[in-house]
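Student: For reference, the structure I am asking about is given below.
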Amino acid sequence: MVLRIFIFVQTLLKFIYNLSFAYTFWNTYRIFQIYSPSDLPYYSLYSSLLGYGAVKIVFFMIVFALIWGLQQFVLSIIYNILNDALTTVIINLSGGQKIKGFNGISEVKPTNFNNKEWNFVAPMRLVSRTDEVVKYVSMGNEYELYHYLKGDKNILKSLYGLEEAVESIEKSLKIVLDPETSKKFRAMGLSVPKNIILYGPPGNGKTNFARTVAQAYGLPFFVVNASAIISSGQLVGAAEKTLLELFANAKALRPAIIFFDEIDAIAKKRRAETLNSASDILINILLTQMDGFEKVDDVLLIAATNRIDILDEAILRPGRFDQKILIPNPDKEARKKYFDLFLGQKIEKGIDAELLEYLANSTEGFSVAEIKTIADSTLTDMILNHKSDVQEILKTHINKVAQSKNKAANS
Ligand SMILES: Nc1ncnc2c1ncn2[C@@H]1O[C@H](COP(=O)(O)OP(=O)(O)O)[C@@H](O)[C@H]1O
Ligand SMILES: [Mg+2]
């Protein structure tokens, strides 16, 4: 209950903060009514150069910028102080002990990995706990943390068709997770392969891949919500503070993985006209943070994108996301395994080898997600219509997906 009140107050604070923008507009408008541009020094000079209308607009913009800047400055100070105080109280209430606001503590030793509670440098809320995974989320919901309790390398075998990708990331982990090896790499002037970008057509398990690797190795898995960071970026320095917190927490719990899913949302090629948009600022902050992490070997950074072609080159440069791992459409063998996993293992008789062969042959170029759609709609039809001719139903759904793929390709 008390926790809810605090969260309510925090939300209220954000609301008041946003309200202040409208107030600024109103204030500026009023000032504009009291003063006139002719109060400006050298007014006649400007107006002969620009014309009266232009002077008016420029005057309005200057006043607005001044008031807005000042207000933003004062409010962000007040907001940050209050917000820090609130989060500290919330953490104390929810049972954490040593945790304080980020400022002032440089590093906190992580508690034993097997302990259920962690000491974060920046506070996080525990949101759920099962036998398999404990989930935390940052105070502003900008990033999540999954603590997998049952690490097991065998689950990597469930990544059908991604054997090469698995091999490649395991090679990285071998270097990253062993200080001796990474030291040797540095001594030889080799770079430690700790920044990885997963790319390839959508729906083939990039997100699933990163998650499964974290789980297999029992590594703390941070997932970043780029759009939440962008919207919190309204506050001066808020996005920067969030990323600082994120990296500091990962460092405190290392070895760990930070995962930037769908990074194209924030790392599109910069164009002149969109320069200084929220995402440009965010990507610059991210790159700065990554550069600062150059020497931290055991925090693996993984990004994923469906559109590596539209990413800003700066993000793929050496020292940035320079290890590229392709997550391709599944090949024939993998398609068979996915049909068996999503459908065969769920129906009584299973799917015989002949039908599997047929399915794999008729779904060349399909993604894992599309195979799952076909399997799920087949199961649905079987349940709802009491149909039993699996092959017939499958054909219908394969055709449907194929048709919508054609449509998408032609549009
Ligand atoms: N190895 C796998 N085992 C089971 N389901 C998988 C596997 N790989 C992908 N999927 C499923 O396929 C769908 C797409 O995977 P996702 O990771 O979201 O792809 P991407 O991130 O590349 O777009 C999801 O429903 C996911 O659960
Ligand atoms: Mg994904």
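Student: Among the strands (runs of 3 or more DSSP E) lying completely within region 180-267, list those that include at least 2 residues that are open to solvent by less than 20 Å² (accessible area, probe 1.4 Å) and away from ligand 1 (no atom under 16 Å from the Cβ). Reasoning before the result, please.
Tutor: Numbers: elements: 195-199, 221-224, 256-260.
The qualifying strands (runs of 3 or more DSSP E) are 256-260.
Student: Moving to a separate point now. Using beta carbons and a limit of 7 Å, which pairs, at least six apart or on different chains, have the first residue in region 157-177 and more than 16 Å from ligand 1 (Cβ to nearest atom) and the second one open to solvent by 20 Å² or more (accessible area, probe 1.4 Å) and assigned to a helix (DSSP H, G or I)?
Tutor: LEU173/TYR217; LYS174/THR181; ILE175/THR181; ILE175/PHE185
Student: Testing VAL390 on (1) open to solvent by 70 Å² or more (accessible area, probe 1.4 Å); (2) away from ligand 2 (no atom under 16 Å from the Cβ), one condition comes back false. Which one is that?
Tutor: Condition (1) is where VAL390 drops out.
Student: Quick one: would you say SER362 is open to solvent by 30 Å² or more (accessible area, probe 1.4 Å) and of a type in the set (S, T, N, Q)?
Tutor: Values: open to solvent by 30 Å² or more (accessible area, probe 1.4 Å): yes; of a type in the set (S, T, N, Q): yes.
Spelling it out, SER362 is indeed open to solvent by 30 Å² or more (accessible area, probe 1.4 Å) and of a type in the set (S, T, N, Q).
Student: SER227 fails exactly one of the following numbered conditions: (1) within 16 Å of ligand 2 (Cβ to nearest atom); (2) under 30 Å from GLY69 (Cβ atoms); (3) in contact with a strand residue (DSSP E or B) (Cβ under 8 Å, 6 or more places away or on another chain). What is the number of that condition?
Tutor: Failed condition: (3).
Student: Residue by residue through region 292-345, note down the ones that are assigned to a loop (DSSP other than H, G, I, E, B), open to solvent by less than 30 Å² (accessible area, probe 1.4 Å) and either more than 16 Å from ligand 2 (Cβ to nearest atom) or under 26 Å from ARG186 (Cα atoms) (or both).
Tutor: Within region 292-345, the first condition is being assigned to a loop (DSSP other than H, G, I, E, B), and the residues that meet it are 293-298, 306-307, 312, 316-322, 327-331, 343.
Narrowing the set further to residues that are open to solvent by less than 30 Å² (accessible area, probe 1.4 Å) leaves 293, 296-297, 312, 321, 327, 330, 343.
If the condition is that a residue be assigned to a loop (DSSP other than H, G, I, E, B), open to solvent by less than 30 Å² (accessible area, probe 1.4 Å) and either more than 16 Å from ligand 2 (Cβ to nearest atom) or under 26 Å from ARG186 (Cα atoms) (or both), then PHE293, VAL296, ASP297, ASP312, PHE321, LEU343 are the ones that fit.
Student: For LEU384, are the conditions met, namely being assigned to a helix (DSSP H, G or I), open to solvent by 40 Å² or more (accessible area, probe 1.4 Å) and aliphatic (A, V, I, L, M)? Give the steps one after another, and end with the answer.
Tutor: Values: assigned to a helix (DSSP H, G or I): yes; open to solvent by 40 Å² or more (accessible area, probe 1.4 Å): yes; aliphatic (A, V, I, L, M): yes.
Considered against the rule, which asks whether it is assigned to a helix (DSSP H, G or I), open to solvent by 40 Å² or more (accessible area, probe 1.4 Å) and aliphatic (A, V, I, L, M), LEU384 comes out as yes.
Student: Pick out the one residue from SER388, SER367, SER377, SER404 that is of a type in the set (Ser, Thr, Tyr), in contact (Cβ under 8 Å) with a residue 40 or more places away in the chain and not assigned by TED's automatic domain parsing to the domain that holds THR305. Break it down stepwise before answering.
Tutor: Details: SER388 fails: in contact (Cβ under 8 Å) with a residue 40 or more places away in the chain; SER377 fails: in contact (Cβ under 8 Å) with a residue 40 or more places away in the chain; SER404 fails: in contact (Cβ under 8 Å) with a residue 40 or more places away in the chain.
Unique residue meeting the criteria: SER367.
The values are calculated or read from the model by the stated rules, or taken from the named source; none is laboratory data. Not measured: the values here are computed from a predicted model. Cβ sites come from the backbone with ideal geometry, for glycine too, and all protein chains shown count toward neighbours. Remember, those area values only see protein heavy atoms, side chains included, never the ligands or the DNA or RNA. Shrake-Rupley method; radii C 1.70, N 1.55, O 1.52, S 1.80 Å.
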